[in-house]
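The structure follows.
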Amino acid sequence: MTNDKANQMWGGRFSAGPDAIMEAINASIGYDKRLAAQDIAGSRAHASMLAATGIITDKDAEAIREGLLTVLSEIEGGTFEFSAALEDIHMNVEARLKEVVGEAAGRLHTARSRNDQVATDFRLWVRDQFDAAEQGLTALMQALLVQAEQGAGWVMPGFTHLQTAQPVTWGHHMMAYVEMFARDRSRVRDARARMNECPLGSAALAGTSFPIDRDMTAKALGFDRPTANSLDAVSDRDFALEFLGVASICAMHLSRLSEELVIWSSAQFRFVTMSDRFSTGSSIMPQKKNPDAAELIRAKVGRIFGAQTALMMVMKGLPLAYSKDMQEDKEQVFDAADNWMLALAAMTGMIADLTANRDALQAAAGAGFSTATDLADWLVRELGLPFREAHHVTGALVAMAEQKGCDLPELSIDDLRSVHDGITSAVFDVLGVHNSVASRTSYGGTAPEQVRAQVARWKDALA
C-alpha cells in the first residue's frame with residue numbers, strides 16, 4: 001500500500017507522508033496484527049450498535065459486518081497483505097474493508113477513536129490470555145494431584161536452607177505447589193473480573209456527542225459493563241500491568257518447582273527421573289540426561305518480570321490521556337503471555353511424566369538426623385522437659401551420633417540414657433521416619449491422612 005493511502009487515513013492535515021525512518025518508528029503492525037480477531041470483533045459490535053441507535057443504516061452495518069468477516073478470513077488464511085505505511089492493525093483492517101465493501105466502510109469509525117479502539121482490543125486480548133492461563137493452571141494442578149495421591153505416604157526429606165530438616169511425604173510436597181498454583185489461579189480470576197469493563201465509546205478521550213449505546217457494545221463483547229470515565233479508559237494500562245504481575249508471581253512459582261526438579265534429577269539426589277520427552281543429552285558426554293525444559297522454565301521468570309518492569313517504565317510519567325508512548329505497551333505483554341503459556345504447558349507435561357524414585361526418597365528421609373525434632377518433642381511430651389532443655393539434650397545426642405558415624409535411630413538405649421537417664425525404649429517409636437510423618441496430624445500437616453484429605457478436597461474443587 002502506498003503513502004498516499006496512509007495520507008488519506010491521516011486526513012487532510014498532512015500533505016506529505018512520513019519518510020522511511022518515521023514510518024519505521026511509528027508503525028506497530030509488525031506486532032499488533034496479533035489483535036486482528038479482537039479488532040474485528042470490536043468493530044462488528046460497534047457497527048451493530050451504530051445501526052441499532054440509528055447513527056448508520058442497517059444496510060451499511062450489515063455490509064460492514066460481512067466485510068469484516070471477509071477481512072478476518074483473509075488474515076486467518078494468510079492471504080492478507082499487511083502494510084507498515086498504514087501503521088497498525090486498525091488502519092490495515094479499515095483500509096481493506098473499504099476495498100471490500102466500498103463507501104460504507106468509512107462510516108465504521110463514527111463515534112469512536114483509535115484510542116478507545118485499541119484499549120478495547122487490548123483488553124479483549126488480555127482477557128483471552130487470562131482464560132488460557134486459568135485453563136493451564138487447572139491442568140497443572142490436576143497433574144500435581146495425581147503425583148500427590150500416588151505418593152501420599154512416601155517419605156522424603158523436608159528441607160530448610162537446603163539442609164535436611166524433618167521428614168515429610170512426597171504427596172505433601174506436591175500439594176504445596178497445588179496451593180501455590182491455586183493462589184495464582186485465584187489471582188487470574190480476580191484480575192480478569194477487575195479488567196472486564198469495555199472502553200469502546202470513550203472515543204479519543206472525552207466521549208462522543210453521538211447517541212451511542214455503550215451497554216450494548218459492552219454486552220456484545222462479553223464485558224460486565226462499560227468503563228465509567230472516558231479519560232481513564234483510553235489512558236490507563238493497569239489491566240496489562242496486573243496481567244504481567246500475576247504472570248510474574250506464577251512464573252516465580254514455576255521457577256521454584258523447576259529448580260527442585262533440576263536438583264532432584266541430579267545423580268547426587270536421584271529423587272526423580274525426568275522423561276525423555278522433557279530432557280536432552282550432551283554433545284560429548286553420553287551419560288548425561290539434562291533437565292533442559294525445567295531449566296528453561298526457570299529462566300522464563302526473568303523475561304516475564306522484565307516485561308512488567310518495562311511497561312511500568314513506559315506508563316509511569318504519562319499525563320492524561322493518550323500518548324504515543326503507549327504504543328509500546330503490547331510487545332512486552334505478547335512476549336510474556338507466550339512464555340507464560342509455554343512454561344505452564346511444559347511444566348504440566350513434566351509433572352505428568354515424572355517418576356518419583358520412592359526408594360531414594362525414603363533413604364534420604366532417614367539421613368541427616370531428620371527425626372531430631374521428633375526426639376525433642378518426645379522428651380517434652382513424655383518426660384515433661386521444657387522445650388529448651390529437650391532441644392539441648394537432642395543436640396547432644398545428634399553430636400554423639402555424628403561422632404559415631406550413625407543416625408539417631410541407630411544409637412543404643414544406653415547411648416541415649418547416657419545423655420538423659422529418663423529416656424526409655426519407647427523413644428524408638430518416634431525415631432523412624434514413617435512414625436514421624438504419621439504423627440504430624442495437625443490440619444495442613446504432612447501425615448498421609450492429612451495429605452489424602454487435601455487431595456480429595458482439591459479433586460472435588462477442580463471437578
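Which of the following residues is out of contact with any Asp or Glu (no Cβ under 6 Å at 6 or more places or on another chain), over 30 Å from ASP238 (Cα atoms) and not aliphatic (A, V, I, L, M): GLY67, GLY136?
On the way: GLY136 fails: over 30 Å from ASP238 (Cα atoms).
Only one candidate qualifies: GLY67.
Within the range 322-352, how many residues are under 24 Å from VAL178 (Cα atoms) and either surrounded by 16 or more Cβ atoms within 10 Å (Cβ to Cβ) or in contact with an Asp or Glu (Cβ under 8 Å, 6 or more places away or on another chain) (or both)?
Here the count works out to 14.
On to the next question. Only one of ALA37, ALA20, ALA16 is within 21 Å of ILE64 (Cα to Cα) and either at pLDDT below 85 or touching a helix residue (DSSP H, G or I) at 6+ places or on another chain (Cβ under 8 Å) (or both); which?
ALA37
Residues being without any contact (Cβ under 8 Å) to a residue 12 or more places away in the chain, touching a strand residue (DSSP E or B) at 6+ places or on another chain (Cβ under 9 Å) and of a type outside the set (Phe, Trp, Tyr): count how many of those fall in the range 135-159.
0
In addition: Within the range 232-246, is even one residue assigned by the TED database to the domain that holds LYS324, surrounded by fewer than 17 Cβ atoms within 10 Å (Cβ to Cβ) and touching a strand residue (DSSP E or B) at 6+ places or on another chain (Cβ under 7 Å)?
no
Conditions: (1) of a type in the set (D, E, K, R); (2) assigned to a loop (DSSP other than H, G, I, E, B); (3) open to solvent by less than 80 Å² (accessible area, probe 1.4 Å). ARG270 meets all but one. Number of the miss?
Of everything listed in (1) of a type in the set (D, E, K, R); (2) assigned to a loop (DSSP other than H, G, I, E, B); (3) open to solvent by less than 80 Å² (accessible area, probe 1.4 Å), ARG270 misses just condition (3).
OK, next. For residues that are assigned to a helix (DSSP H, G or I) and within 23 Å of ALA321 (Cα to Cα), tally how many sit in the range 219-236. First the steps, then the outcome.
Here is the first cut: in the range 219-236, the ones assigned to a helix (DSSP H, G or I) are 219-220, 230-235.
This time we only want the ones that are within 23 Å of ALA321 (Cα to Cα), so: 230-235.
Residues in the range 219-236 being assigned to a helix (DSSP H, G or I) and within 23 Å of ALA321 (Cα to Cα): 6 in total.
May I ask you to list pairs of residues, at least six apart or on different chains, whose Cβ atoms are under 7 Å apart, with the first in the range 291-307 being in contact (Cβ under 8 Å) with a residue 12 or more places away in the chain and the second being of a type outside the set (Asp, Glu) and not in a helix (DSSP H, G or I)?
Every condition considered, the pairs that remain are PRO291/SER265; PRO291/MET274; PRO291/SER279; ASP292/SER279; ASP292/THR280.
Residues that are on the phi < 0 side of the Ramachandran plot and of a type in the set (D, E, K, R), at least 1 per element: which helices (runs of 4 or more DSSP H) completely within the range 390-452 meet that?
By residue number, 413-419, 428-431.
Looking only at the range 182-204, count every residue that is in contact with a strand residue (DSSP E or B) (Cβ under 7 Å, 6 or more places away or on another chain) and among the charged types (D, E, K, R) and tell me the total.
1
Same structure, new question: Go through the residues of the range 308-319 one by one and say whether even a single one is touching a residue at least 12 places away in the same chain (Cβ under 8 Å) and surrounded by fewer than 16 Cβ atoms within 10 Å (Cβ to Cβ).
So in the range 308-319, the residues touching a residue at least 12 places away in the same chain (Cβ under 8 Å) come out as 308, 310-312, 314-315, 318.
Applying the additional criterion that residues be surrounded by fewer than 16 Cβ atoms within 10 Å (Cβ to Cβ) yields 312, 318.
Among the residues of the range 308-319, at least one is touching a residue at least 12 places away in the same chain (Cβ under 8 Å) and surrounded by fewer than 16 Cβ atoms within 10 Å (Cβ to Cβ), which makes the answer yes.
Could you run through the range 106-121 and say how many residues are surrounded by 23 or more Cβ atoms within 10 Å (Cβ to Cβ) and assigned to a helix (DSSP H, G or I)?
6
Right, another one. Do we find that GLY422 is open to solvent by less than 50 Å² (accessible area, probe 1.4 Å) and within 30 Å of VAL146 (Cα to Cα) in this structure? Lay out the reasoning, then the answer.
Details: open to solvent by less than 50 Å² (accessible area, probe 1.4 Å): yes; within 30 Å of VAL146 (Cα to Cα): no.
No, not satisfied.
Take the range 192-215 and flag every residue that is out of contact with any helix residue (DSSP H, G or I) (no Cβ under 7 Å at 6 or more places or on another chain) and buried (at least 19 other Cβ atoms within 10 Å of the Cβ).
If the condition is that a residue be out of contact with any helix residue (DSSP H, G or I) (no Cβ under 7 Å at 6 or more places or on another chain) and buried (at least 19 other Cβ atoms within 10 Å of the Cβ), then ARG214 is the only one that fits.
For residues in the range 154-191 being farther than 16 Å from VAL451 by Cβ and of a type in the set (D, E, K, R), which is surrounded by the most Cβ atoms within 10 Å (Cβ to Cβ)?
Among them, the one singled out is ASP184.
Right, next: Does GLU81 fit the bill of being among the acidic types (Asp, Glu) and in a helix (DSSP H, G or I)?
When the stated conditions are applied, GLU81 does not pass them.
Out of the range 365-389, which residues are of a type outside the set (Phe, Trp, Tyr), part of a helix (DSSP H, G or I) and open to solvent by 30 Å² or more (accessible area, probe 1.4 Å)?
Matches in the range 365-389: THR373, ASP377, VAL380, ARG381, GLU382, LEU383, ARG388, GLU389.
When you scan the range 14-65 for helices (runs of 4 or more DSSP H) that lie fully inside it, which ones turn up with 3 or more residues that are over 26 Å from GLY201 (Cβ atoms) and open to solvent by 40 Å² or more (accessible area, probe 1.4 Å)? Walk me through it before giving the result.
Details: elements: 20-26, 29-32, 36-52.
Once the helices (runs of 4 or more DSSP H) in the range 14-65 are filtered for at least 3 residues that are over 26 Å from GLY201 (Cβ atoms) and open to solvent by 40 Å² or more (accessible area, probe 1.4 Å), what remains is 20-26.
Being part of a loop (DSSP other than H, G, I, E, B) and among the small types (Gly, Ala, Ser) is the filter here, so list the residues in the range 122-161 that pass it.
Hits for the range 122-161 are GLY151, ALA152, GLY153.
Pick from the range 66-105 the residues that are of a type in the set (Ser, Thr, Tyr) and touching a helix residue (DSSP H, G or I) at 6+ places or on another chain (Cβ under 8 Å): which of them is surrounded by the fewest Cβ atoms within 10 Å (Cβ to Cβ)?
THR70
The values are calculated or read from the model by the stated rules, or taken from the named source; none is laboratory data. Because the structure is predicted, anything quoted here is derived from the model rather than measured. FYI the Cβ positions are ideal-geometry reconstructions off the backbone, even for glycines, and counts take in every protein chain you see. Note: accessible area is taken over every heavy atom of the protein model, side chains too, but ligands, DNA and RNA are not part of it. Shrake-Rupley method; radii C 1.70, N 1.55, O 1.52, S 1.80 Å.
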